[in-house]
1. If we only count strands (runs of 3 or more DSSP E) wholly inside the range 187-305, which ones have 3 or more residues that are closer than 25 Å to GLN317 by Cα and at pLDDT 90 or above?
2. Select from the range 182-204 the residues that are of a type outside the set (D, E, K, R) and either touching a helix residue (DSSP H, G or I) at 6+ places or on another chain (Cβ under 7 Å) or farther than 25 Å from PRO274 by Cβ (or both) and list them in ascending order.
3. When the range 339-387 is examined, which residues are found to be basic (Lys, Arg) and over 30 Å from HIS36 (Cβ atoms)?
4. Look at the range 173-185 and say how many of its residues are in a loop (DSSP other than H, G, I, E, B) and out of contact with any Lys or Arg (no Cβ under 7 Å at 6 or more places or on another chain).
5. Quick one: would you say SER162 is closer than 24 Å to THR369 by Cβ and part of a helix (DSSP H, G or I)?
6. Look at GLY283 and say whether it is on the phi > 0 side of the Ramachandran plot and among the small types (Gly, Ala, Ser).
7. Which is over 24 Å from the mean Cα position of the chain (by Cα), within 30 Å of GLU302 (Cα to Cα) and either of a type in the set (Gly, Ala, Ser) or at pLDDT 95 or above (or both), of ALA387, ALA359?
Amino acid sequence: MRIAYVCADPGIPVFGCKGCSVHVQEVLREFVRRGHSVDLLAMRTGGDVPADLADVRVHLIPVAAAADRSRREVALHNANRAVRELLSTLGPFDLVYERHALFASAAMPWSAETDTPGVLEVNAPLLAEQAKYRGLAHDDLALAAARESLRAAGTVVAVSHSVAQYVRELRGSHEGVHVVPNGVDPRRFDKVPRRGRQAEEFTIGFLGTLKPWHGVDVLLDAFELVHRWSPGARLLIVGDGPQRDALQRRAGELLGDAGSRVEFVGAVAPDDVPRLLARMDVGTAPYADAQDCYFSPLKVLEYMAAGLPVVASDAGQVREMVAHERTGLLVAPGDAAALAVALLTVADDPALCERFGTAARDAVLQRFTWQGVVDCVLRLAGVGARAEADAALAAAPLANL
């Protein structure tokens, strides 16, 4: 099967280190593992092509440089013409798979016009998110593009129920909209042995981009409380982002000389994540606002795949990933005291910590693998069974035909 994967989001370096980058790479890997031929259309690569994706043909979507927000948005809208031209030149395809992006309205209409199955993956309510955190100069243009793309898509997969609701409102229909949470490749974590619980230390971990909605400021407040009761506790923060400097200052203000107990690692390559998670005793997802927790957080699944218990905010899709008192503990969003109590609960009971981590790993294997995610998406798009039949036919000995 020939697949076009389209990512017209300039904020996603498809071969970079961000969570969204990892997401793109994992879906591509599942396509490649199935023997499909993949053309990737993207605005940014962000690094070298991983060795196991060497067979993916990469095509850069040209977009004009612009000095201000208004011109950048117009340039993104105008880039739809280039996407159409690339699809027409490279096609025909058996499937067009697109990661939803602001101002992108070419791939799904093209797939509909050419009678090609189309899947639109939606990871966030982009219009609301952009307006709240970064601003939109041409909100009418962005809204029109989103509606055109969402209404043309044959199949829309949303990563959470709240994102699906956003999609249905813009699409004007519930038909063809499905909730498919994110996944993880548990094999990434099999080669890195856990360090084992240290007698006097308990390492609390966070993995992710340092942005306001991820609640790392709440985690720092909670850690200050934990440190009072457990001076051997450490906090390992893996990731980078616009809040890093402010968070480092906050850690120093809260902890003084004990600020060295907080380690900011910075951004790391996906291949380094298993090694760093192996240093942790618990993974956290301390979202501060339940209303903003509309995503399907990869960090939670990576913690679980690494066999870590999870302490997280009781919000959004997180509560469907983390089973309270079975694979971890859920607390009220933004409540640093409750977060500290939950962290101390697992810190003080190594057997409970181990039991949660084992159950978390089992839950991932049963419900949250990328293989299962892609199987589900292809089935919803109506191409999974056909593709498998075609592959079996191509591999069959001539005598059997």
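1. Values: elements: 202-207, 233-238, 262-266, 282-285.
In the range 187-305, the matching strands (runs of 3 or more DSSP E) lie at 202-207, 233-238, 282-285.
2. Across the range 182-204, the qualifying residues are ASN182, GLY183, VAL184, PRO186, PHE189, VAL192, PHE202, ILE204.
3. In the first step, residues of the range 339-387 are kept if they are basic (Lys, Arg); the result is 355, 361, 367, 379, 386.
Of everything in the range 339-387, just one residue is basic (Lys, Arg) and over 30 Å from HIS36 (Cβ atoms), namely ARG355.
4. Step one: filter the range 173-185 for residues in a loop (DSSP other than H, G, I, E, B), giving 173-176, 180-183, 185.
Next, only the ones that are out of contact with any Lys or Arg (no Cβ under 7 Å at 6 or more places or on another chain) stay: 173, 175-176, 180-183, 185.
Here the count works out to 8.
5. Answer is yes for this residue.
6. Values: on the phi > 0 side of the Ramachandran plot: no; among the small types (Gly, Ala, Ser): yes.
Spelling it out, it is not the case that GLY283 is on the phi > 0 side of the Ramachandran plot and among the small types (Gly, Ala, Ser).
7. Going through ALA387, ALA359 in turn, the sole match is ALA387.
This table checks each residue for (1) closer than 28 Å to VAL218 by Cβ; (2) surrounded by 21 or more Cβ atoms within 10 Å (Cβ to Cβ); (3) outside the structural domain of GLU354 (by TED's automatic domain parsing).
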position: ALA152; (1), (2), (3): no, no, yes
position: VAL179; (1), (2), (3): yes, no, yes
position: PRO193; (1), (2), (3): no, no, no
position: PHE202; (1), (2), (3): yes, yes, no
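The values are calculated or read from the model by the stated rules, or taken from the named source; none is laboratory data. Since the structure is predicted, the reported quantities are computational estimates derived from the model, not experimental observations. Ideal geometry is used to build each Cβ from the backbone, glycine not excepted, and the neighbour counts take in all protein chains shown.
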